[in-house]
1. What ³J(HN,Hα) values, in whole Hz, does the Karplus curve 6.51 cos²θ - 1.76 cosθ + 1.60 give for segment 247-263 when θ = phi - 60°, with x put for Gly and Pro?
2. Once a ≥ b ≥ c are taken as the square roots of the eigenvalues of the Cα gyration tensor of segment 12-344, is the result rounded (a/c under 1.5), prolate (a/b larger than b/c) or oblate (a/b not larger than b/c)?
3. I need the shape label for segment 279-335. Rule: rounded when a/c is under 1.5, else prolate if a/b > b/c, else oblate, with a, b, c from the alpha carbon gyration tensor.
4. Is there a pair in Lys228/Lys325; Lys70/Lys201; Lys70/Lys325; Lys70/Lys228 whose C-alpha atoms are over 23 Å apart, and which pairs would that be?
5. Which of Arg227, Arg386, Arg103 comes first, and how do the rest follow, when ranked by fewest Cβ neighbours within 10 Å?
6. Net charge near Ala88: determine it from the other residues with C-beta under 13 Å of the C-beta of Ala88, scoring Lys and Arg +1 and Asp and Glu -1.
7. About the Cα centre, and with charges only on the beta carbon of Lys, Arg (+1) and Asp, Glu (-1), how big is the dipole of segment 12-344? Nearest 20 debye, please.
8. What is the calculated FRET efficiency for Glu232 to Leu180, with r their C-beta to C-beta distance and R₀ = 60 Å, to the nearest 0.05?
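Laboratory data are not the source of any read-out in this text; all were calculated from the coordinates shown. Here the structure is a predicted model, which means the values were calculated and not measured. Here the Cβ positions follow ideal geometry from the backbone for every residue, glycine too, while neighbour counts run over all protein chains shown.
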Amino acid sequence: MGLPVQDNQMSIGDTLGLGFMTFAFFLGAGNLIFPPFAGMLAGDNMPLAMLGFLITAVGLPLVGLIAVAKAQGKVMAMLPVFAATALAIAIYMIIGPAFAAPRTGLVAYEIGAKPFIDNTSTTMLLGSLELNLSQLIYTLCFFTITMLLALFPGKLLDSVGKVLTPILLLLLVGLAASVLFLPASDVGQAVGDYQQHPLTKGILEGYNTMDTLASLMFGMLIIDILRKKGIEQPSAQTKYLIRAAFIAAAGLAFVYVSLFFLGATAGDIAAGAKNGGEILTNYVTHEFGSLGSVLLSSVVTLACLTTAVGLVSACSEFFNELLPKLSYRFLVVLLSVICAVVANVGLTQLIAISIPVLMTIYPVAIALVAVTFLTDYFANPQFAHRVTLSVALFFGIFDGLKVAASSLIGADGQGINALAQGFIDLVNGMAPALSMLPLYDEGMAWLLPTLIAIVLCLVFGRGRSKTLTAA
């Protein structure tokens, strides 16, 4: 992407280009599949659920990018080296081979291939595992192409991205217009947790996009791009990154609001859907026919492919820098194979597995963004960063364990049930003490203790010399 600059200045067109590029970074598989499903479940409580979702899926990534700009890309500088490395590894694993990258292949399969396959129920046995044959073949092909493009990127990927993003935007604008003027049904009733706690449920659902985690990495990437384009002055880098962040946030908010309305008004179209990908496909087929389905499948497949290549490449570069003995090409092949294996868990199952992990790591990411903004107000910034993130992680682990325990209920197999029950009993044994915390039942027990830690760090040591603290 060409961004000609002079004297640390960029034109309006170049700034818009940077903003759309940032938007394209975030617009991946999860952004398309979670809002329709959440909208369907939220029903008449959609406004509060959507507000919660926008807080974590738009507001936090926006704030994350601004925090990276403020810290000049060094958001983890106050942490011990081992802690910063461990957090970076965790984030790269989550947005890479563990969850986000395999999810791109599964969303491409659900939206880009499954609607055109006559029989998607054929399975095959691999040892004790039962695998969906069409999904297995598709994901193997998908990640083979991902591997080849990541090994030999050239200019093909950039060209596809430049053409793809405008087409995808046009498609989403058309989709938004049809949702507003041609709703498939009236808004239904809220179900599940959306009946009692729509706001907090929406907030937690926004975790699934993983965009707050990604913003910490994308912010550093954008700063590096600006440096390569001649923007050397830190204040100028901060200014343009913040502008790009607001453009990307506006685009994401438009997409999410449209897809929430789509899910809430899908009616019978969404009957039996297990994820948002099925709702989106059914809606487009219903409203636009086979041509709309072909267009949607083509654009989403390419979007998922470019996202997968970007994630595999970024993770390979990170681990190559961390472990220089492992070459970039070896890591690309290894990570692509891992992604193909993980993808065959299935989309619905992969989402379920990822939730406890996200419930644990997201509080740490949010706390990191918060303390980055407050660094100048702490008497001892290093101590404040370490204490606050430790508290967020400690209580985030309990939120994650609680979700993991509930997901094990009803697992098949006597041995698994016994293990699950023991784990559930362990978590329930800790519940009486933790249940006194506000928002524990809603899965946000970490929030109040983390806020208290931040306030204490702001108050403690106020008035001490900043020079002494720095020393």
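1. So the J values, rounded to whole Hz, are 5, 5, 5, 5, x, 5, 4, 4, 5, 5, 4, 4, 6, 4, 4, 4, x.
2. oblate
3. Prolate, because a/c is 1.5 or more and a/b exceeds b/c.
4. Flagged as over cut-off: Lys228/Lys325; Lys70/Lys201; Lys70/Lys325.
5. Lowest count first: Arg227, Arg386, Arg103.
6. Charge balance in the 13 Å sphere: -1.
7. The calculated dipole for segment 12-344 is roughly 1060 debye.
8. Here the calculated transfer efficiency is 0.85.
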